[in-house]
Amino acid sequence: KDFGVQETLKRLGIEPINQGVSTGTHWFDCNGAVTESVSPIDGSVIAKVKNANAADYEEVLETAQEAFKVWRKMPAPKRGEIVRQIGNALRDAKDDLGKLVSLEMGKIYQEGLGEVQEMIDICDFAVGQSRMLYGFTMHSERPDHKMMDQYHPLGIVGVISAFNFPVAVWAWNAMLAAVCGDVIIWKPSSKVPLCALACHNIIQKVLKDNDVPEGVFNLVVAKSSVMGDNFIEDKRVPLISVTGSTAIGKRVAEKVGARLGRTIAELGGNNAIIMAPSADLDMAIPGIVFGSVGTAGQRCTSTRRLIIHESIYEDVKTRLLHAYKQVEGKIGNPLDEKTLVGPVIDNGAVEVYKHAIAEVKKAGGKIVYGDKVLDGNFVVPTFCEVENHWQIVQDESFVPVLYIMKYKTLDEAIHLHNDVPQGLSSSIFTMNMREAQTFISAIGSDCGIANVNIGTSGAEIGGAFGGEKETGGGRESGSDSWKTYMRRQTNTINYGIDLPLAQGIKFDF
Ligand code: NAD
């Protein structure tokens with residue numbers, strides 16, 4: 001069954017061979033290497049993409065610089081109106097784009113649709129935000145003076161995105177940046193270039209209808225030899241938002257930091273759930289299973305560790321075993337609506353899965369369920385009993401392997417919870433108010449996201465998204481994340497007839 005894939009590709013404007021560079025409505029005639037987009041479902045080539053060469057990148061950058069001069073002058077609510085129309089275009093294309101996400105990345109169709117919904121949600125959020133780019137006013141210590149803070153557009157925002165959220169990460173950044181008056185250069189993961197191409201095809205008509213200058217929304221599919229260090233070291237790009245592994249994030253942060261540029265780093269997680277004695281297991285088990293096997297364990301917020309109170313340890317283990325057995329029967333083609341777990345992205349990920357399990361065994365851990373590679377890129381979600389300090393448990397393995405461990409006291413649980421290098425998402429399942437409040441207090445979870453009675457994955461766009469420690473410290477999406485996309489200016493205005501100096505200084509001459 002082909003699930004109508006060819007028709008979907010056609011509607012999204014994906015050809016057998018595509019250009020990988022666009023400044024909005026203009027697709028370049030690229031001269032770089034050719035990337036094959038390979039579906040993780042069956043290893044087939046979906047389509048090819050011609051990459052940028054160095055000259056293409058330079059032209060995009062110069063076009064973006066010119067576009068910024070125009071875009072920054074457009075009133076923010078008018079920019080918001082364009083983002084509103086983009087949101088509507090995404091609504092119209094939701095089914096097709098969701099299917100392409102599923103086909104190219106391998107997440108199940110429902111999750112593909114969910115990812116497109118996140119794009120729509122951030123568009124709606126950004127439209128509202130476009131009327132709320134608030135500054136402050138302050139009372140001056142000098143008579144007849146007024147002080148205020150205001151936020152101005154920053155310039156070119158570089159977006160480097162990971163394979164596992166091939167469309168939403170761009171939207172989270174680009175839609176906010178756009179209402180803030182910035183222009184965007186998107187370098188998607190080379191594993192999922194078609195999703196990026198499709199997004200640009202979807203927004204093209206809106207850009208044309210509104211005479212948006214070429215260079216506001218840019219896409220550059222390129223190898224890191226063409227758009228790697230030269231991009232992150234480029235002083236013409238004041239902000240780089242990078243989503244990816246901690247290794248890549250560190251490199252980007254170092255290079256951008258060396259030129260005192262700004263970074264939003266959204267990197268790896270090692271997310272845990274604490275299962276307290278009073279946890280409502282009927283609620284918790286589906287949350288754990290979704291968190292650990294959803295997207296085949298390839299979410300930055302996937303549940304990787306489960307810290308279970310000793311009094312409920314056996315009960316949780318038995319219920320998980322039951323759930324994991326059921327999940328095994330629902331591994332398959334992610335486009336099939338009955339499937340719960342699709343493939344991992346590629347053979348490299350299958351090797352990561354095998355390595356994680358081998359390391360657990362070597363350290364003396366016990367595999368409770370799983371440890372099975374099926375055909376192609378399909379693996380059986382696995383969970384194992386481990387100790388938190390083992391290196392393999394400390395590392396993020398971006399595959400469906402869940403680690404479980406026991407605790408006696410809440411202090412011990414919080415210590416285990418925080419005792420990893422990463423700090424993205426976390427949860428506690430408890431009906432005890434003291435435990436819940438302690439977990440989200442200053443002495444509780446050290447993560448950027450800390451939940452009570454919901455799992456670690458599936459954040460809403462209304463909150464600021466990101467994490468601490470080796471997760472990078474960046475925040476994007478909701479709350480006041482928009483401020484990172486703007487430069488802040490403090491103004492003092494003297495509307496009197498004297499020039500008093502601050503701090504009472506006299507400087508008469
Ligand atoms: P990755 O680090 O391999 O790649 C991320 C991006 O960096 C890709 O676009 C890649 O092409 C690019 N890149 C690689 N080398 C580069 C270089 N030298 N210069 C510039 N860019 C370069 O990550 P991945 O495998 O695509 O994604 C999985 C990782 O992303 C996991 O660690 C996951 O936790 C993380 N992630 C984090 C978040 C978050 O919000 N915290 C969200 C999604 C994924």
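State whether the residues of the stretch 322-341 include one that is basic (K, R) and crowded, with 16+ Cβ neighbours inside 10 Å. Can you show your working first?
Here is the first cut: in the stretch 322-341, the ones basic (K, R) are 325, 330, 338.
Add one more test, that the residue is crowded, with 16+ Cβ neighbours inside 10 Å, and what stays is none.
No, every residue in the stretch 322-341 fails to be basic (K, R) and crowded, with 16+ Cβ neighbours inside 10 Å.
Mind checking which residues of the stretch 338-375 are free of Cβ contacts under 8 Å to residues at least 60 places away in the same chain and within 16 Å of the ligand (Cβ to nearest atom)?
Matches in the stretch 338-375: N347, G348, A349, V350, E351, V352, Y353, H355, A356.
When you scan the stretch 254-265, how many residues do you find that are over 19 Å from F465 (Cα atoms) and open to solvent by 80 Å² or more (accessible area, probe 1.4 Å)?
Number of matching residues: 3.
So for the stretch 437-452 (the condition being touching a residue at least 24 places away in the same chain (Cβ under 8 Å), hydroxyl-bearing (S, T, Y) and outside any strand (DSSP E or B)), does at least one residue qualify?
Looking for residues that are touching a residue at least 24 places away in the same chain (Cβ under 8 Å), hydroxyl-bearing (S, T, Y) and outside any strand (DSSP E or B), one finds at least one in the stretch 437-452, hence yes.
Please give the number of the condition R251 fails out of (1) over 24 Å from S311 (Cβ atoms); (2) open to solvent by 30 Å² or more (accessible area, probe 1.4 Å); (3) out of contact with any helix residue (DSSP H, G or I) (no Cβ under 9 Å at 6 or more places or on another chain).
The failed condition is (3).
Would you be able to say whether some residue in the stretch 296-319 is within 11 Å of V399 (Cβ to Cβ) and among the hydroxyl-bearing types (S, T, Y)? Give the steps one after another, and end with the answer.
Residues of the stretch 296-319 within 11 Å of V399 (Cβ to Cβ): 296-298, 302, 304.
Then keep just the ones that are among the hydroxyl-bearing types (S, T, Y); that gives 302.
Yes, because at least one residue in the stretch 296-319 is within 11 Å of V399 (Cβ to Cβ) and among the hydroxyl-bearing types (S, T, Y).
Within the bounds of the stretch 122-135, is there any residue that is open to solvent by less than 20 Å² (accessible area, probe 1.4 Å), part of a helix (DSSP H, G or I) and either closer than 20 Å to N51 by Cα or within 16 Å of the ligand (Cβ to nearest atom) (or both)?
Taking the stretch 122-135 first, the residues open to solvent by less than 20 Å² (accessible area, probe 1.4 Å) are 122-123, 126, 129-130.
Subset that is part of a helix (DSSP H, G or I): 122-123, 126, 129.
Next cut, either closer than 20 Å to N51 by Cα or within 16 Å of the ligand (Cβ to nearest atom) (or both) only: 122.
Yes: the stretch 122-135 contains one or more residues that are open to solvent by less than 20 Å² (accessible area, probe 1.4 Å), part of a helix (DSSP H, G or I) and either closer than 20 Å to N51 by Cα or within 16 Å of the ligand (Cβ to nearest atom) (or both).
Can you tell me which residues in the stretch 60-73 are out of contact with any His (no Cβ under 9 Å at 6 or more places or on another chain) and either surrounded by 17 or more Cβ atoms within 10 Å (Cβ to Cβ) or among the small types (G, A, S) (or both)?
Within the stretch 60-73, V60, L61, A64, A67, F68, W71 qualify.
Give me a count of the residues in the stretch 178-199 that are within 16 Å of the ligand (Cβ to nearest atom) and open to solvent by less than 10 Å² (accessible area, probe 1.4 Å).
11
Could you list, in sequence order, the residues of the stretch 150-193 that are over 18 Å from the mean Cα position of the chain (by Cα) and farther than 16 Å from G215 by Cα?
Q150, Y151, H152
Run down T471, T456 and say which single residue is within 16 Å of the ligand (Cβ to nearest atom), part of a loop (DSSP other than H, G, I, E, B) and over 30 Å from L154 (Cβ atoms).
After ruling out the rest, the residue left standing is T456.
Kindly check whether there is at least one residue in the stretch 488-501 that is within 15 Å of the ligand (Cβ to nearest atom) and either buried (at least 18 other Cβ atoms within 10 Å of the Cβ) or modelled with pLDDT of 95 or more (or both).
No - not one qualifying residue is present in the stretch 488-501.
Residue check, I285 against (1) part of a helix (DSSP H, G or I); (2) out of contact with any helix residue (DSSP H, G or I) (no Cβ under 6 Å at 6 or more places or on another chain), all met but one. Which one?
With respect to (1) part of a helix (DSSP H, G or I); (2) out of contact with any helix residue (DSSP H, G or I) (no Cβ under 6 Å at 6 or more places or on another chain), I285 is out only on (2).
Which of the following residues is over 18 Å from G297 (Cα atoms) and more than 16 Å from the ligand (Cβ to nearest atom): A464, A442?
When all the criteria are applied, what remains is A442.
Run down G228, G215, G158 and say which single residue is open to solvent by less than 30 Å² (accessible area, probe 1.4 Å) and more than 16 Å from the ligand (Cβ to nearest atom).
Details: G228 fails: more than 16 Å from the ligand (Cβ to nearest atom); G158 fails: more than 16 Å from the ligand (Cβ to nearest atom).
Just a single option satisfies the conditions, and that option is G215.
Residue pairs, Cβ under 6 Å, 6 or more apart or interchain, first in the stretch 489-507 and touching a residue at least 24 places away in the same chain (Cβ under 8 Å), second surrounded by 11 or more Cβ atoms within 10 Å (Cβ to Cβ) and among the hydrophobic types (A, V, I, L, M, F, W, C). List them.
Qualifying pairs under 6 Å: N491/M148; T492/M147.
The values are calculated or read from the model by the stated rules, or taken from the named source; none is laboratory data. Not measured: the values here are computed from a predicted model. All Cβ positions, glycine included, derive from the backbone under ideal geometry; neighbour counts span all protein chains shown. What goes into the accessible areas is simple: the full protein's heavy atoms, side chains included, and nothing from ligands, DNA or RNA. Shrake-Rupley method; radii C 1.70, N 1.55, O 1.52, S 1.80 Å.
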